[in-house]
Each structure stands twice: as structure tokens, then as C-alpha cells.
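The values are calculated or read from the model by the stated rules, or taken from the named source; none is laboratory data. Since the model is a prediction, treat every value here as computed from it, not as a measurement. Cβ coordinates were reconstructed from backbone atoms using ideal geometry, including for glycine residues, and neighbour counts include every protein chain displayed. All accessible areas refer to the heavy atoms of the entire protein, side chains included, with ligands and DNA or RNA removed. Shrake-Rupley method; radii C 1.70, N 1.55, O 1.52, S 1.80 Å.
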Amino acid sequence: MDDNLEKEGRKRPPDPSVKPAVPSTSKKRKTVTSTAKQDAASRVTIESLPSEMVEHILSWASVGDVMAFGATCHAFHQLSFSPALWKALCRRQATGPLPDASSPENWRRTAILKYSQALYLHSLGGGVGRTAPPVTLALTPRLALGFRRILPTCDNHFLWDERGTVFTLSDSVTLSPSGQLVWSEASRSTVLCRNAKDVTVDPRSDVSHRQYVYVLVTRPPSVLAGGRPGSSVTLKQSDSVEIYQQYSGERVFHMTFHPSLTFSQLRLMGSEVNRTLLLLTGQWEWPGRALIDAPPFTVQLTLRVINHSLPDLPVKQIHTSYSSALFITGDGSVYVETHSAGVHRHLFGSLQGFSPNNVHTPMLLPLSYKVVKCSLGLTHLCLLDESGRVFMQGSNNHGQLGTGDKIDRREPTQVVLSLTPVDVCCGLNHSLALLRGETGEKEVQGCGCGRGGRLPGWAQGSPVFVRLSVKAPRSTRALCSSKYYLYLLCCHDIAEPLLFHTPPPGAESEMEAAEREGLQRCLSQLRGCGHLWEQLAKLREAVQSHMTLSSAQKDFLEEALSTMQQGSSSTTEFQL
């Protein structure tokens with residue numbers, strides 16, 4: 001029977017008396033091992049890779065991708081600070097001298113500065129004879145590292161970077177593929193000078209007056225050949241002031257100081273025929289007078305103290321306009337010096353305190369906050385305190401103070417902005433502010449006169465700060481304007497200290513305390529009113545008397561309260 005089953009190809013039925021064979025243990029172990037290997041291979045993630053391999057992979061990514069990678073978790077955040085990683089990134093994109101290898105932090109700072117730097121020109125249409133796009137990305141010089149300041153002049157733009165190099169950005173005309181001439185803004189770059197500690201131009205807003213560029217330069221020690229063969233003389237490092245013609249870049253004046261005199265800031269005042277140079281040291285303000293009528297220049301250097309009653313108080317910042325200068329001291333106090341009766345009247349409302357025989361007497365501004373940043377215009381000024389509050393003072397005939405009206409302010413007046421200020425700029429009859437949101441986005445707001453495209457999107461102007469039609473990148477750090485362009489200077493410096501800090505809990509100014517007390521008084525009176533229309537009337541009184549709002553916001557609230565009050569009155573009459 002079994003033979004017949006085998007011939008027919010059928011299986012033999014199992015014998016109950018015979019036990020089934022057990023599989024081999026070695027085969028089972030081999031199967032489990034191969035499955036474990038497959039599972040382990042499928043579980044390989046970036047966390048299981050060696051840190052050296054991850055650093056090598058990240059070294060071929062962009063700086064932005066590395067920063068985003070470091071923001072994912074704590075482990076990756078620590079890995080993103082690897083000096084070897086940032087050294088590789090820095091060498092890939094750096095075209096100039098590499099940072100000091102003794103400080104690992106310099107590799108990361110250099111790479112981020114190089115990655116984030118950019119200059120955008122927003123066309124304002126203020127009489128430009130050529131057609132220009134609204135926003136233009138200027139040429140980035142190959143050797144530049146970290147933009148610090150942009151100075152527009154009559155024909156060129158001058159850019160100062162973190163290495164102390166001053167670049168000249170010139171416009172050019174190119175031929176398009178269709179055969180038409182195309183004007184390119186800031187499309188050629190050359191090096192004007194190196195080792196610059198500060199650079200400035202004519203403080204007037206009209207760039208046609210900016211024919212010269214003034215540079216405060218530190219010259220390194222040099223060796224000169226002596227009178228005898230084989231002898232040499234070593235010259236110490238010293239500061240000097242150099243003046244360049246902005247069109248040709250030719251140096252037309254050079255003044256060197258003694259090595260014992262070192263300066264940190266350079267500013268200008270006055271016209272071309274009676275120019276005043278302000279050179280700032282640690283404790284003293286050194287003004288020199290240079291008559292730029294024609295070469296050779298006549299120079300007279302004198303020494304004086306800003307505040308005679310506090311001679312030991314150092315001056316930290318100098319800001320100048322055509323006929324005025326503003327000094328910020330070490331404790332955050334602000335002194336203003338006016339050299340013209342008209343400018344003094346615009347800033348302070350009267351000629352009280354002005355003496356034509358002694359125009360070098362600074363006046364202390366009555367401000368109880370520590371000022372950290374400032375912008376000085378011809379007839380108005382803007383102050384930023386250490387908590388990010390904005391204060392305006394001066395002429396307000398075009399609404400350039402942003403207070404919601406056109407009433408001049410004789411003292412610093414606080415203006416509430418919707419976001420945190422980063423930089424401010426006082427123009428001829430308008431003001432600009434670069435603001436930062438909670439998530440890091442930047443926007444540009446402005447107020448005042450809108451003629452000539454000064455306030456993009458607001459041709460009629462505005463007496464309050466409004467958002468302008470300007471797209472500001474997240475890395476924008478400063479802004480300035482001329483008749484033709486609004487300049488957005490982009491650069492992110494991780495070593496830059498925080499400019500503002502949040503005031504400590506309970507720290508409240510006298511003005512804020514009085515405002516809070518008045519609002520609490522109005523609130524208690526409102527609760528004592530028996531009718532709805534009385535409560536609305538009391539609320540309107542609080543809005544008009546105790547709330548710091550713009551005129552548009554006050555008009556809206558008053559109109560809304562009037563509508564509600566009329567509705568409540570009609571309802572009461574209907575019920576009666």
C-alpha cells in the first residue's frame with residue numbers, strides 16, 4: 001500500500017506511534033540573529049552616529065541649516081557649538097583673513113557674520129531720474145565681514161565692516177540681453193581704507209552736501225630707516241584723521257596725533273567753510289576746527305570738558321546734526337549743545353538757555369531713564385532708553401514725533417510703539433523706526449511727512465508711527481535714509497551685547513504711577529455709577545484724560561463710546 005501511495009505521489013499519513021522531529025536549535029538561533037540585525041539596521045538614526053561623522057556631514061551644509069539643526073534638541077544644540085564644525089564652515093565661505101584660532105567662539109561668530117550680511121536699497125522715488133526697482137540687493141564685497149554702517153554720499157555708498165575696512169559701493173550701467181542699458185545700484189566695490197575706527201560724512205540729510213568722507217584710522221607700528229646705515233626707528237601705533245574725496249576716493253587731508261591720544265568716535269558739525277570735527281576719547285571731547293575752503297586745510301585743535309560741573313563723567317556717544325550736538329554720558333544722561341538760535345528754538349520751544357556768545361554750553365535733558373541709543377535730526381531728536389522706550393522731542397509741524405498731533409514738544413515725550421525698537425532714524429521732517437516682533441520678525445514704521453516717497457505706502461504722511469511698505473529681513477540691524485533710498489543693513493552678531501533689558505518688577509516711573517492712580521480712581525467712580533450711560537461717560541473721560549493713545553485710536557474709542565451711549569439711552573427711553 002505504501003508503495004502504491006509513493007507511485008501516485010500522495011503523502012503517507014503520519015504514524016501515531018512516531019513523535020514528530022524537533023527543529024534544530026542552531027537553525028532557530030541563526031534565524032533570530034538575522035532578524036535582530038535587520039531590526040538594528042532599521043533603527044539606526046542620526047543620534048547613533050559618532051559626533052565626528054555628524055560634524056563632517058554638517059560641515060557641508062549652510063550656516064542657516066546648522067543653526068536650525070542646533071535648535072532641535074539639547075544634544076544637537078551642544079553639537080552645533082563644535083569649534084571644528086564652525087572652523088570648517090568659516091573656511092568654506094571666508095575670503096578674507098581668518099579669525100584668531102585661540103578663541104573658538106570667533107569661528108562661529110565669523111561664519112554667522114558672513115552668512116547674514118546683506119545690504120538692501122529700497123527706492124523712494126525722490127527725484128531719481130532713472131527707473132529703479134522698489135528693492136535692490138546691493139553687491140556684497142568679497143572681503144567684507146559684518147556690516148556696521150552705511151553712509152550714502154553724492155555719488156557713492158560707503159560701507160564700514162567689523163574688520164575696520166571701508167568699502168566704496170558704486171553704481172554701474174550694464175547692457176541687458178535685449179540691448180538696453182540697465183542701471184545697477186551699488187554693483188561695484190573697491191576698498192577705500194583699512195583699520196578704520198570710525199567713519200562719518202556731512203550730517204545734513206541732503207546727500208549733495210556729502211562731498212568728503214572722514215575716517216578715524218589707527219595706523220599700526222611701522223619701522224623707518226634711520227640716518228645711519230643699518231639703523232632704524234620704530235614708530236608707535238597712533239590715530240589719525242583722513243579725509244577722502246567721495247567721487248574719486250583720493251585722500252586730500254591727513255592729520256596724525258601723538259600716540260598718547262587715542263580716540264573712539266568721529267563726528268562732524270557745520271558747513272564746508274567752517275567745519276567742526278568732534279573726536280571722542282574715554283573722558284574728554286576734543287573738537288577741532290577745519291576750514292575746508294580749499295587745500296591746504298587750516299586746523300585748530302582745542303580741549304574742553306563737556307560738563308564743567310561733572311568733569312569726571314565720561315562721554316560714551318556723540319551724535320551731531322548741522323548746528324547741534326548730543327552727548328550721552330556713562331550714566332545714560334543726555335546733553336544737547338546748539339550752535340544756532342533757530343535750531344535751539346525748534347528743539348526747546350524758546351531761546352531760554354541759549355547764548356550766542358557761548359554756544360558750547362550743553363543743556364541737560366530732563367529724563368530720568370538711562371539712554372542707550374539716539375538719533376539727532378535737524379529740528380527733532382529721538383531717544384531710546386535701556387528698557388526699549390521711545391522718547392521724542394523738538395519740532396512736530398509734520399507729525400514727525402509720532403505723538404498723533406502736530407504740537408511741538410519742548411521736553412522728551414514718550415511715544416508708544418507696537419513692537420520693540422531696534423534702531424531709529426530722524427530725517428528732515430520724518431522719523432523711521434526698525435522694530436522687532438516676539439518671534440524675531442522685523443518691520444519698518446515711520447511718521448511725519450510722506451512727500452517724495454519718504455514713507456513708502458503713506459504718501460500723505462502720518463502723525464503716528466505706521467507700518468511702511470518695506471520688507472525687512474530678520475537679520476536687519478540698522479536703517480538710514482536719503483532722498484533716493486531707504487537703506488536696510490543686515491548682519492547678525494552673536495557677540496553684540498543686548499541693548500535693552502526688561503525693567504525689574506515694581507520699577508515704575510512717576511508718570512506711569514500717576515497714570516495708574518488716575519485710572520484706578522476712574523475705575524472706582526465708574527463702579528459707583530448707577531446707569532449704563534453714566535458708566536460710558538466716565539469711561540470716555542478716562543480715555544481722554546489718562547490714556548496715552550494716538551489721535552486715531554482716541555477718535556475710534558470716542559466714536560464707539562458715543563454709539564454705545566446713544567444705544568443705551570434709546571433702550572432706557574423705550575423701557576420707560
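One table, with the values for the structure above:
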quantity: Ser387 versus Thr439: modelled label distance in nm, points set 7 Å from Cα along the beta carbon direction; calculated: 2.8 nm
quantity: Full-stretch length increase - Ser172, Arg410 - with 0.36 nm per residue and alpha-carbon distance subtracted; calculated: 81.1 nm
quantity: Accessible area of the stretch 430-488 belonging to carbon and sulfur atoms, whole % at 1.4 Å probe; calculated: 48 percent
quantity: Two-site FRET efficiency, Arg204 against Ile494, from Cβ-Cβ distance with R₀ of 30 Å, rounded to 0.05; calculated: 0.30
quantity: Accessible area, probe 1.4 Å, largest first, for residues Ser324, Ser205, Ser48; calculated: Ser48, Ser205, Ser324
quantity: Additional length obtainable on full extension of the chain from Ser355 to Asp155, 0.36 nm per residue less Cα span; calculated: 68.2 nm
quantity: GluC sites (Glu not before Pro) restricted to DSSP loop in the stretch 437-481 with at most 10 other C-beta within 10 Å; calculated: Glu438
quantity: Accessible surface of the stretch 325-406, 1.4 Å probe, proportion on carbon and sulfur as whole %; calculated: 49 percent
quantity: Estimated distance in nm for a label pair at Ser240 and Lys197, the labels positioned 7 Å out from Cα along Cα-to-Cβ; calculated: 1.4 nm
quantity: Arg142-Thr72 FRET efficiency (beta carbon distance; Förster radius 30 Å; 0.05 resolution); calculated: 0.35
quantity: FRET E, pair Met564, Arg251, Förster distance 51 Å, beta-carbon r, rounded to 0.05; calculated: 0.15
quantity: Integer Hz, Karplus 6.51/-1.76/1.60 couplings in order for the stretch 440-447, x for Gly and Pro; calculated: x, 5, 10, 8, 10, 10, x, 8
quantity: Cut-off 12 Å between beta-carbons: net charge of the residues surrounding Lys114, Lys and Arg +1, Asp and Glu -1; calculated: +3
quantity: For the stretch 382-440, projected area of the alpha-carbon convex hull averaged over all directions, nm²; calculated: 3.9 nm²
quantity: Ser264 paired with Lys471, simple spin-label distance in nm, labels 7 Å along Cα-to-beta-carbon; calculated: 3.9 nm
quantity: Cross-link pairs beyond the 25 Å C-alpha cut-off, checked among Lys442/Lys483; Lys316/Lys483; Lys316/Lys406; Lys316/Lys471; Lys87/Lys373; calculated: Lys316/Lys483; Lys316/Lys406; Lys316/Lys471; Lys87/Lys373
